[in-house]
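Asks: The following block contains the structure, expressed as structure tokens.
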Amino acid sequence: MGFAGPFYPDEMPGTLYVLFWWASDPSVSQLGITARPEERLASHARHGWRVRRLFDFPTWTDAYRVEQAVISHLTTVRGLTHALEPEDMPQRGYTETFRIPADELAELVEALRVEPGAQLQLI
């Protein structure tokens, strides 16, 4: 079993998605990764989430690294914590929710996708 854990082989292509909670609170955004975007995004859509932007990566591991870098930036540099609780997201993913505009979240993903390991100065 590789870096991707029991869900996906490391070498499988990955998609990082940025969503906003259209149905309940559009100021809440979520990012996540999947190797099966159609299934995962359909699950989110059933709970009122809409896609703001999708980022395709050559491997699931590449997507995971960018996702974790963005989460680290949001939590350590900006001091944000997750915006939702488990009961808000029966489809899972509440720890990747933040009260940040989805467009801004997508910009952070883009910055780290283009320059892996970059030190973001966006506050």
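Taken together, the values in this text are just the output of simple stated rules run on the coordinates, not laboratory data. Model, not experiment: these values are computed from the prediction. Here the Cβ is made from the backbone with ideal geometry for all residues, glycine too, and neighbour counts use every protein chain on show.
Asks: Keeping to the range 31-52, report how many residues are among the polar types (S, T, N, Q) and over 12 Å from the mean Cα position of the chain (by Cα).
Replies: Count: 1.
Asks: Moving on to the next point. When the residues of the range 59-83 are narrowed to those that are of a type outside the set (A, V, I, L, M) and touching a Gly at 6+ places or on another chain (Cβ under 8 Å), which ends up nearest to TYR17 (Cα to Cα)? Please lay out each step first, then the result.
Replies: Of the residues in the range 59-83, the ones of a type outside the set (A, V, I, L, M) are 59-62, 64-65, 67-68, 72-73, 75-76, 78-79, 81-82.
Those still in the list that are touching a Gly at 6+ places or on another chain (Cβ under 8 Å) too: 59-62, 64, 67.
On the way: THR59: 14, TRP60: 12, THR61: 14, ASP62: 13, TYR64: 11, GLU67: 9 Å.
That would be GLU67.
Asks: While we're looking at this one, here's another question. Taking helices (runs of 4 or more DSSP H) that fall entirely within the range 27-123, which contain at least 1 residues that are among the hydrophobic types (A, V, I, L, M, F, W, C), within 22 Å of GLU11 (Cβ to Cβ) and touching a residue at least 60 places away in the same chain (Cβ under 8 Å)?
Replies: Here the list reads 102-114.
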